[in-house]
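Novice: Got a structure here, written out as structure tokens. Questions coming.
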């Protein structure tokens, strides 16, 4: 019996197995209109010679859970085809070779591709995109920032009954979206950053071979989630920008190659508080000093 095809689209991650060249960091692009900056970016991508398949380029906890999602889908009888929605590369198959890069749709970041929603959409439209086989059912695991830019456009070419969006943003209809629920972090394990992909894997597990795109599948999820929610309370001390910069600088003296994600984990384990997006910006500032 032939396997049912399943398209999986996931958000890229900033954790990579190589360091990007300066010309492949959005912060170093010349000033100007988004279209012109995107052309410079595409030319830089074309010149890059150090390439590796995206499945090997990305790393970290979230990406390990992406692999687990594909394994779960296969074990349940699907034939998954996985794509990555990337602010630097467009929509690409995980086997596509690409260089390391630094680009994001998250606002306020040194490597943000646009200062506004419209600029980000224009940038996305200027990137190359792989063809996704029509007609296949799909699971999307998208962060809020990425979903806001790419989600509505991708939905235009998809039947709502054939897609599930884990995470996403309010622009995605509740009929297809499974919003993130931090109270399930303990039940699902891992960190908040991997919550959406872990939710997708658990959803398939609960379906256990039955159709995961039905209202019955959503009911099973609601029942499971209702019994396992745990509201975590954190009593961490807020930090000023200067204090965060000093913390990161001191930490990098001891661990020069520490990643942004690991540094934030160390900070929080020390009882300090810093919102993830703000920490990302400050970490980049500390590295650039």
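Novice: In segment 244-257, what residues are out of contact with any helix residue (DSSP H, G or I) (no Cβ under 8 Å at 6 or more places or on another chain) and within 13 Å of residue 285 (Cα to Cα)?
Specialist: Once the filter is applied, which keeps residues that are out of contact with any helix residue (DSSP H, G or I) (no Cβ under 8 Å at 6 or more places or on another chain) and within 13 Å of residue 285 (Cα to Cα), segment 244-257 yields only 246.
Novice: Just to be sure I understand, how many residues within segment 252-264 are surrounded by 13 or more Cβ atoms within 10 Å (Cβ to Cβ) and either assigned to a loop (DSSP other than H, G, I, E, B) or over 26 Å from the mean Cα position of the chain (by Cα) (or both)?
Specialist: Summing the residues that are surrounded by 13 or more Cβ atoms within 10 Å (Cβ to Cβ) and either assigned to a loop (DSSP other than H, G, I, E, B) or over 26 Å from the mean Cα position of the chain (by Cα) (or both) in segment 252-264 gives 2.
Novice: Before we move on, is residue 204 surrounded by 17 or more Cβ atoms within 10 Å (Cβ to Cβ), under 26 Å from residue 159 (Cα atoms), under 21 Å from the mean Cα position of the chain (by Cα) and at pLDDT 90 or above?
Specialist: Yes: the conditions hold for residue 204.
Novice: If I ask for residues that are loosely packed, with under 14 Cβ neighbours inside 10 Å and in contact (Cβ under 8 Å) with a residue 12 or more places away in the chain, which ones from segment 13-40 would you list?
Specialist: 17, 19, 27, 35, 39
Novice: It is to be established whether one or more residues within segment 180-188 are surrounded by fewer than 21 Cβ atoms within 10 Å (Cβ to Cβ) and out of contact with any helix residue (DSSP H, G or I) (no Cβ under 9 Å at 6 or more places or on another chain).
Specialist: yes
The values are calculated or read from the model by the stated rules, or taken from the named source; none is laboratory data. Quick caveat: nothing in here was measured; it's all calculated off a predicted structure. Cβ: placed from backbone, ideal geometry, glycine included. Neighbour counts: every protein chain shown.
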